[in-house]
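Structure first, commentary second.
The values are calculated or read from the model by the stated rules, or taken from the named source; none is laboratory data. Just so it is clear, the model here is predicted, and its values are computed rather than measured. Heads up, the Cβs are rebuilt from the backbone with ideal geometry, glycines too, and the neighbour counts pull from every protein chain shown.
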Amino acid sequence: MSFEISEYKNKMSKSFEILKKELSGLRTGRASPGLIEPLSVDAYGSKVPITQIGNISVPEPRMLSIQVWDQSLVEAVESSIRNSNLGLNPMTEGTLIRLPVPDLTEERRKEIVKLAGKYCEECRIGIRNIRRDAMDEVKNKEKNKEISKDEMFEHSENIQKLTDEFIAQVDSLFEEKEKDILTI
């Protein structure tokens, strides 16, 4: 049995997709449901995604609203939003929670860029871990005489090229997001 790189390519791709989703939640001054979708709420004895507790909508360009389905969870949703460090102040009217999106100060923009950088670094580490796993598999196959030394070197080169491609995509995405956040 020879070595399959596609499995590792899929894992790297999933890691990159998660990063894109995390970055989409970082706000750039416009209201977006992606801003609060990653939040979890303590409900029913466990952590539940906020999207499973109510409808998120954007009634105005600088306003988010959450229509909570269960009255008993309104406080938990408010608490989750306040503890999220997103800088949002929930206003509640019954089961409707309004979230005005304030203008971003330069300081806050820099904080968001740092957070984006942290997400990107976590993704890079994940991709490098996937590379390490792939390299280990190739070395084990060579050690067990399933593939030749030449094949091992060829696979190692391909794994490194794949890793470099994904790291470059992460870097490019970060630069794009940084420019987007810092643009007033």
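In the set 66, 97, 56, only one residue is over 22 Å from the mean Cα position of the chain (by Cα), crowded, with 16+ Cβ neighbours inside 10 Å, part of a strand (DSSP E or B) and at negative phi; that residue is 97. Within this structure, residue 24 fails the test of being at pLDDT 85 or above and either more than 28 Å from residue 113 (Cα to Cα) or surrounded by 14 or more Cβ atoms within 10 Å (Cβ to Cβ) (or both). For the stretch 104-111, the condition of being aliphatic (A, V, I, L, M), touching a Gly at 6+ places or on another chain (Cβ under 8 Å), surrounded by 15 or more Cβ atoms within 10 Å (Cβ to Cβ) and modelled with pLDDT under 85 holds for at least one residue.
Here is the figure for the stretch 92-103: residues that are closer than 17 Å to residue 61 by Cβ and free of Cβ contacts under 8 Å to residues at least 60 places away in the same chain total 3. What number goes with the only condition from (1) within 24 Å of residue 84 (Cβ to Cβ); (2) of a type in the set (Gly, Ala, Ser); (3) surrounded by fewer than 20 Cβ atoms within 10 Å (Cβ to Cβ) that residue 116 does not pass? Every condition holds for residue 116 apart from (3).
When restricted to residues that are touching a Lys or Arg at 6+ places or on another chain (Cβ under 9 Å) and buried (at least 17 other Cβ atoms within 10 Å of the Cβ), the stretch 124-133 contains 3.
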